[in-house]
Amino acid sequence: MAAHEELPAGAGQEAIDELGSIRQSIDNIDAALIHLLAERFKFTQQVGRLKATHGLPPADPERELLQIQRLRGLAEEARLDPAFAEKFLNFIIAEVIHHHEKIAGTESANGSAPRAAGARTDVARPVVGTSPASSATTSPATS
């Protein structure tokens, strides 16, 4: 357990040890999440390059809606708050789109592929499929 945290005088060594063990498990899961996100972004970068090469827009609202519905269902199965899962996915979606826009800009600057006609990326909008409680906004969609 971290030395900076002070426990009440009545906290026994057993509680301190258990707290340390639980926190170690949390730290391990956090590390796994980071590695999984890194793997996910490797694939979304490939999607972004493919879209840029073929002049496809960085966002895909239909795909986004399907992903949100799928992740909300998985969250319910896992007894995780679906609204939290949706907010988490919306954050990831926004980052993916941002990366796709950067890739498309780089590809266009290199003369590789023009941006698809009508592909506006400068307008934020409410995310498709959000519940009234989660009124996050982001760019149009995901890979």
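The values are calculated or read from the model by the stated rules, or taken from the named source; none is laboratory data. What you are looking at is a predicted structure, and each value in this text was computed from that prediction instead of being measured. Counting neighbours? That spans all protein chains shown, and the Cβs are built from the backbone with ideal geometry, glycine included.
Consider the stretch 23-58 and keep the residues that are exposed (fewer than 11 other Cβ atoms within 10 Å of the Cβ) and of a type in the set (A, V, I, L, M). The one that is farthest from the chain's Cα centre (by Cα) is Ile26.
Assess whether Ala85 counts as being within 23 Å of Phe43 (Cα to Cα), among the small types (Gly, Ala, Ser), buried (at least 18 other Cβ atoms within 10 Å of the Cβ) and at pLDDT 50 or above. Working first, answer last.
Numbers: within 23 Å of Phe43 (Cα to Cα): yes; among the small types (Gly, Ala, Ser): yes; buried (at least 18 other Cβ atoms within 10 Å of the Cβ): yes; at pLDDT 50 or above: yes.
Yes; evaluated as a whole, the condition is true for this residue.
Residue pairs whose Cβ atoms lie under 8 Å apart, separated by 6 or more positions or on different chains, with the first residue in the stretch 60-77 and outside any helix (DSSP H, G or I) and the second crowded, with 19+ Cβ neighbours inside 10 Å, are Asp60/Pro140; Asp60/Ala141; Asp60/Thr142; Asp60/Ser143. Scanning the stretch 106-117 for residues that are touching a Leu at 6+ places or on another chain (Cβ under 8 Å), of a type outside the set (A, V, I, L, M) and either within 18 Å of Phe43 (Cα to Cα) or modelled with pLDDT of 95 or more (or both) turns up nothing. Taking (1) outside any helix (DSSP H, G or I); (2) more than 17 Å from His100 (Cα to Cα) in turn, Gly55 satisfies each apart from (2).
Criterion first (of a type in the set (A, V, I, L, M), at pLDDT 95 or above and outside any loop (DSSP other than H, G, I, E, B)) does Ile16 satisfy it? Judged against the criteria, Ile16 is not a match.
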